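Novice: Below you'll find the structure I mean.
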Amino acid sequence: LPTTAATKISPASSLAGLEPSGRDVPTQTIAPGLETSGGEVGPSQNEVTAEFADDRNNLQPDDLCILIIEDDRNFLRILMELAHERNFKCVVAEDGKMGLQLAAELKPTAILLDINLPKVDGWTVMETLKDNSNMRHIPVHFMSASDYSKDAKKMGAIGHLLKPVNMEDITTAFKKIEQFTIQRVKNLL
């Protein structure tokens, strides 16, 4: 992936021929290799073939884990690649209901949360997280196609990404998550 601020990552509204399977773990993905055209980043048509898997079966107690709650598989894949480059393991949920279930079960290091989600929207996910004493400490970074940054901060989010995002924005989001994690460890020590 190019790392210039001008490169835009635009979430696709849908992938032709790809429908959610209804199972907890996504069963299809975009294979490695992104193409760029006109500044947009996304997979080529023939890349929608390989098996999609996150790291939920490979988590160790000391791993830094990001829960990505996002229903756009193109954008999800990009976020996962960038998280892996920063030594985070990733667990994904394509709807808010599954996201809440995984957050409660795994207690991830941080959450990247889309607002417009199926089943349970991002606002409700955030409210539920903040109302639960076992999960309210998890840093949440919102993502959406509309600018809800003020509302997100009022709810306790550490940041907000406005889609389409550029590489600089995503890098900044991961840096915030890393800084929050480091500060939390210092406070515990």
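Novice: Keeping all protein chains in place, calculate the accessible area per residue for region 49-189 (probe 1.4 angstrom), answer in Å².
Specialist: Per-residue value: 48 Å².
Novice: Enumerate by residue number the trypsin sites (Lys or Arg not before Pro) in region 89-189 meeting two conditions: DSSP loop (anything except H, G, I, E, B), and at most 12 other Cβ atoms within 10 Å of the site's Cβ.
Specialist: In loop regions of region 89-189 (DSSP not H, G, I, E or B), the sparsely surrounded trypsin sites (Lys or Arg not before Pro) are 136.
Novice: How many nm is it between the label spots at residue 150 and residue 162, if each spot is 7 Å from the Cα in line with the beta carbon?
Specialist: 1.3
Novice: Excluding residue 149 itself, what net charge comes from residues whose Cβ is under 14 Å from its Cβ, given Lys and Arg +1 and Asp and Glu -1?
Specialist: With Lys, Arg at +1 and Asp, Glu at -1, the neighbours total +2.
Novice: Once the Cα gyration tensor of region 83-129 is diagonalised, what are the square roots of 5 times its eigenvalues, in whole Å and ordered largest first, as equivalent ellipsoid semi-axes?
Specialist: Sorted largest first and rounded, they come to 19, 11, 9 Å.
The values are calculated or read from the model by the stated rules, or taken from the named source; none is laboratory data. Note that the structure is a prediction, hence the values are computed from the model and not measured. Glycine gets a Cβ as well: all are built from the backbone with ideal geometry, and neighbour counts include every protein chain shown. Just the protein is used for accessible areas: all its heavy atoms, side chains included, with ligands, DNA and RNA removed. Shrake-Rupley method; radii C 1.70, N 1.55, O 1.52, S 1.80 Å.
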